[in-house]
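Reading through the structure tokens given below for one structure.
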């Protein structure tokens, strides 16, 4: 299953709908773009700045994520020029209905290029774009 950062954060940091996300993902292979590496780090630091995540907890979560990468629990897909060009095309295809952001488009283009099954995101714009592109969504 392909997960974007909006879901992965909920798997590592308790949020109101984390349990629902865990149930959808349970027992599935997790695939994402290598964007996830920087986006998850950024999200963890933002939670620390906001005072909702202690520095020690952030460090433990990051170590767990790193171990999941090493153990192939989470697989990150490389971004190349083809993915970036496909992302730009997707932005154009969903325009003007969805103002798709660049990094979300890169996630969608990465998903389109791999065999990951379903796409799972909690991001409304990304979900709207995925529907327009006829991508199978995990929680529909």
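The values are calculated or read from the model by the stated rules, or taken from the named source; none is laboratory data. Model, not experiment: these values are computed from the prediction. Please note: Cβ atoms are built from the backbone with ideal geometry, for glycine as well, and neighbour counts cover all protein chains shown.
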Quick count over the range 64-74, residues being surrounded by 11 or more Cβ atoms within 10 Å (Cβ to Cβ) and at positive phi, is 0
Scanning the range 4-17 for residues that are touching a residue at least 40 places away in the same chain (Cβ under 8 Å) and in a loop (DSSP other than H, G, I, E, B), the one surrounded by the most Cβ atoms within 10 Å (Cβ to Cβ) turns out to be 4
query: Hey, does the range 87-104 have a residue that's closer than 15 Å to residue 8 by Cβ and in contact with a strand residue (DSSP E or B) (Cβ under 6 Å, 6 or more places away or on another chain)?
result: no
The condition from (1) in contact (Cβ under 8 Å) with a residue 40 or more places away in the chain; (2) within 21 Å of residue 134 (Cβ to Cβ); (3) out of contact with any helix residue (DSSP H, G or I) (no Cβ under 6 Å at 6 or more places or on another chain) that residue 33 misses is numbered (3)
Restricted to the range 91-140 and to residues being outside any helix (DSSP H, G or I) and without any contact (Cβ under 8 Å) to a residue 12 or more places away in the chain, the residue surrounded by the most Cβ atoms within 10 Å (Cβ to Cβ) is 95
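Every residue, every condition in (1) at pLDDT below 95; (2) outside any loop (DSSP other than H, G, I, E, B); (3) surrounded by 15 or more Cβ atoms within 10 Å (Cβ to Cβ); (4) within 15 Å of the chain's Cα centre (by Cα), yes or no:
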site: 19; (1), (2), (3), (4): no, yes, no, no
site: 32; (1), (2), (3), (4): no, yes, yes, yes
site: 37; (1), (2), (3), (4): no, yes, yes, yes
site: 45; (1), (2), (3), (4): no, yes, no, no
site: 48; (1), (2), (3), (4): no, yes, yes, no
site: 62; (1), (2), (3), (4): no, yes, yes, no
site: 76; (1), (2), (3), (4): no, yes, yes, yes
site: 79; (1), (2), (3), (4): no, no, yes, yes
With criteria (1) at pLDDT below 95; (2) surrounded by 15 or more Cβ atoms within 10 Å (Cβ to Cβ), residue 27 comes up short on (2)
